[in-house]
Amino acid sequence: MNYSFRQLKAFLLVSELGNFTRAAERMHITQAGLSVMMRELETQFGSRLFDRTTRNVGLTAAGERLLPAAQSAVEQLELAAATIGDIGLQARQTLRVAATPLVSSHLLPHVFGAFRRKHPHVNLQLQDDDLGRVHALVESGEADFGLGFFFKAERGIERTLLCSFSLMRVSPLGADRAPRRQKVGRANWDTLREECLIGLPRDNPIQQFVDNHLAKIGRGNEDRACFRHFDTLIGMVEAGMGSTVIPSFALLACRHRQVATDILVEPEESLGFYRISKRGRAKPALMADFSDTLVSLLPR
């Protein structure tokens, strides 16, 4: 059999109203069109479903037998359609974000707060993990998009540059500098020649980028104390373990530490901060608005 949901709805409407003209008006079709639809349904079942008179339309025994089954089928289909609609609406109102710990802990709380004030009904979900895992979450579809310093575009992944951040030196406050929040200064790379340096692990792409530039002053790929997370690294600088070179994005974390920050110049080098998403996958409607909110709150 090849009957349709629309035919079953029409059958129920005719049986309820007992009149083809009124049923056709309710369905916004012609009476002739409705008659054709019902004849096709009767052909499918191999039996007349209606007794037609000049005054009204009644169900035959076959029609009476079909009635409860048609009612149940239409109710189930309408319930399923409503449920599917709710699922689609929930998906449209959910943003799943993946980001590295520094981004998650120091930037995204402000972004989530600002975005929630504009879109109070949107469900924001955050997964914070290392850069490789962020990439994997986006690739698998577990996250709508990821945020971080992605140095190259992997196959099937779309990169969107949100902002660029200069490299900066973070150093302990000396005895001559008062223990207060410091303004960002400027320093030449040559000032690092004699400093004790600490950093991220060597396999970290950001550290590799930094070491390429430290090599120009003879300080690349040295054995030095390494710490996996930016917060830990900056805390060790505050404790006097040494200075470090990291992107100025980390100013967000430095605000809570008694450290000195200086943009490195001559030359001034920068890193791109990207949003990544799965190429070919439908993008959430609110992703662009979220990105705009994020960019407006990025440290400059």
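The values are calculated or read from the model by the stated rules, or taken from the named source; none is laboratory data. It should be emphasised that the depicted structure is a prediction, and the values quoted were computed from it without experimental measurement. Cβ sites come from the backbone with ideal geometry, for glycine too, and all protein chains shown count toward neighbours. Just the protein is used for accessible areas: all its heavy atoms, side chains included, with ligands, DNA and RNA removed. Shrake-Rupley method; radii C 1.70, N 1.55, O 1.52, S 1.80 Å.
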Hey, which of the helices (runs of 4 or more DSSP H) in the stretch 34-144, taking only ones fully inside, have at least 2 residues that are of a type in the set (Phe, Trp, Tyr) and under 21 Å from SER277 (Cα atoms)? 108-118
Please list, ordered by residue number, the helices (runs of 4 or more DSSP H) wholly in the stretch 187-300 having 2 or more residues that are out of contact with any Phe, Trp or Tyr (no Cβ under 7 Å at 6 or more places or on another chain) and more than 22 Å from PRO172 (Cα to Cα). 205-214, 287-297
Filter result (in contact with a helix residue (DSSP H, G or I) (Cβ under 8 Å, 6 or more places away or on another chain) and crowded, with 17+ Cβ neighbours inside 10 Å) within the stretch 109-121: VAL111, PHE115
Take the residues in the stretch 135-155 that are at pLDDT below 90 and of a type in the set (A, V, I, L, M, F, W, C); name whichever of them is least open to solvent (accessible area, probe 1.4 Å). ALA153
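Residue by residue, here is whether (1) within 25 Å of GLY113 (Cβ to Cβ); (2) touching a residue at least 12 places away in the same chain (Cβ under 8 Å); (3) not basic (Lys, Arg) holds:
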{"site": "CYS254", "(1), (2), (3)": "yes, yes, yes"}
{"site": "ALA260", "(1), (2), (3)": "no, yes, yes"}
{"site": "SER270", "(1), (2), (3)": "no, yes, yes"}
{"site": "PHE273", "(1), (2), (3)": "yes, yes, yes"}
{"site": "ILE276", "(1), (2), (3)": "yes, yes, yes"}
{"site": "ARG281", "(1), (2), (3)": "no, yes, no"}
{"site": "PRO284", "(1), (2), (3)": "yes, yes, yes"}
{"site": "LEU294", "(1), (2), (3)": "yes, yes, yes"}
Every pair of residues 6+ apart whose Cβ atoms lie under 7 Å, when the first sits in the stretch 56-76 and is closer than 9 Å to SER15 by Cβ and small (Gly, Ala, Ser) while the second is open to solvent by 40 Å² or more (accessible area, probe 1.4 Å) and assigned to a strand (DSSP E or B): GLY58/ASP51
